[in-house]
Amino acid sequence: MPFLQYTVDIGRSPPEPVEDALFDLGALSVTLVDAADDPVLEPAPGETPLWPTIRVKALFPGEADRRRIAASMADRLPDAREGHFESIVDKAWEREWLKDFRPMRFGRRLWICPGGMPSAGPDAVRIELDPGLAFGTGTHPTTAMCLDWLDGHELRDRDVIDYGCGSGILAIAALKLGAARALAIDIDPQALIATRENAARNGVETGLEVTGDRGLAPASTDVLLANILAGPLNELAPRLSAAVRPGGDVVLSGILVEQAETVTAAYRPWFDIALAATRDGWGLLHGRRRAD
């Protein structure tokens, strides 16, 4: 069954009146998207900000009356911009995203495989993970660098913390690569749900603790990964550093290369730390914890 899609750019106007009008006209769904490629990278905890300029897309049954919708929108929201219509062919939407994703290798043996796709190689360490609401599927340079680091280091029998776990991809990878235990922490409830589901899907749930509690016990881990952003990394330096045992590793990403020196300075009192990798303007820092 085909659908009719109505799209309108609303700029900085609040989207609620447009959403209400479209649902009143029989829209099956209304979606807000970024109209100008202005990602919101660092919202405050508990906030869900929208983009500076917004595009609204509404999906109607294919037989919906275009003229009626256009006239009603113009009458109800006279200051709004004129929208446009297009026909959307029905598809198996739950699998449609797969055409844009392929298995990805990180390091020598670690593979992220969406949608049940196979990995390659007899010694492959395979993680099955689909894109979802929580951040982290391996496609972003910072996640990719963290996965490369995990694949290239000995994790057997080590404790790992994934701070700001998103999808849980780093904690799951650590366990698949031999870590004894992993602690996944995030303030986003959706991330905690996704991490638990992804861990179960990959058979590592028994070795994983998932929590929204940001408290960390002193000297509680051998490896701490934090793929977040420069601001929080700087603020959290004392807390994250205290959690790493002497001789342990800290892996920090989510930072731009030009921010690396500032973050390095924040962790230098506890770690021998330096920029270890760069990709597409993003950097990864690795540090070894000194004895107190």
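Looking only at residues of the range 23-37 that are of a type outside the set (Asp, Glu) and not in a loop (DSSP other than H, G, I, E, B), we find that the one that is surrounded by the most Cβ atoms within 10 Å (Cβ to Cβ) is Val30.
Looking across the range 242-274, the residues that are free of Cβ contacts under 8 Å to residues at least 24 places away in the same chain and part of a strand (DSSP E or B) come down to Asp272, Ile273, Ala274. Taking the conditions (1) assigned to a strand (DSSP E or B); (2) open to solvent by 30 Å² or more (accessible area, probe 1.4 Å) in turn, Gly215 satisfies each one other than (1). When Ile193, Ile172 are checked against the criterion of being in a helix (DSSP H, G or I) and closer than 13 Å to Leu110 by Cβ, a single residue qualifies: Ile172. So, Arg239, is that one farther than 15 Å from Leu170 by Cα and part of a strand (DSSP E or B) or not? It is false that Arg239 is farther than 15 Å from Leu170 by Cα and part of a strand (DSSP E or B).
Residues in the range 223-236 that are under 19 Å from Ala174 (Cβ atoms) and either open to solvent by 30 Å² or more (accessible area, probe 1.4 Å) or without any contact (Cβ under 8 Å) to a residue 12 or more places away in the chain (or both): Ile228 alone. Considering the range 44-124, the qualifying strands (runs of 3 or more DSSP E), each wholly inside and each with 3 or more residues that are at pLDDT 80 or above, open to solvent by less than 60 Å² (accessible area, probe 1.4 Å) and hydrophobic (A, V, I, L, M, F, W, C), run over 54-61, 110-113. Taking the range 266-292 as the range and being open to solvent by 50 Å² or more (accessible area, probe 1.4 Å), of a type outside the set (D, E, K, R) and farther than 15 Å from Ala144 by Cβ as the test, the residues that pass are Pro269, Trp270, Ala274, Leu275, Ala291.
Among the residues of the range 174-201, the ones that are touching a strand residue (DSSP E or B) at 6+ places or on another chain (Cβ under 7 Å) and either open to solvent by less than 20 Å² (accessible area, probe 1.4 Å) or small (Gly, Ala, Ser) (or both) come to 9 in all.
Can you tell which of Leu236, Leu224, Leu240, Leu192 is within 17 Å of Ser167 (Cα to Cα) and at pLDDT 95 or above? Write out each step before concluding.
Values: Leu236 fails: within 17 Å of Ser167 (Cα to Cα); Leu240 fails: within 17 Å of Ser167 (Cα to Cα); Leu192 fails: at pLDDT 95 or above.
The conditions single out Leu224.
The set of residues in the range 156-173 being touching a Lys or Arg at 6+ places or on another chain (Cβ under 8 Å), modelled with pLDDT of 95 or more and open to solvent by less than 10 Å² (accessible area, probe 1.4 Å) consists of Val160 alone.
The values are calculated or read from the model by the stated rules, or taken from the named source; none is laboratory data. As the structure is a computational prediction, the values presented were derived from the model and not from experiment. In this analysis, Cβ positions are derived from the backbone assuming ideal geometry, glycine residues included, and neighbour counts consider all displayed protein chains. These accessible areas exclude ligands, DNA and RNA; they are computed on the full protein's heavy atoms, side chains included. Shrake-Rupley method; radii C 1.70, N 1.55, O 1.52, S 1.80 Å.
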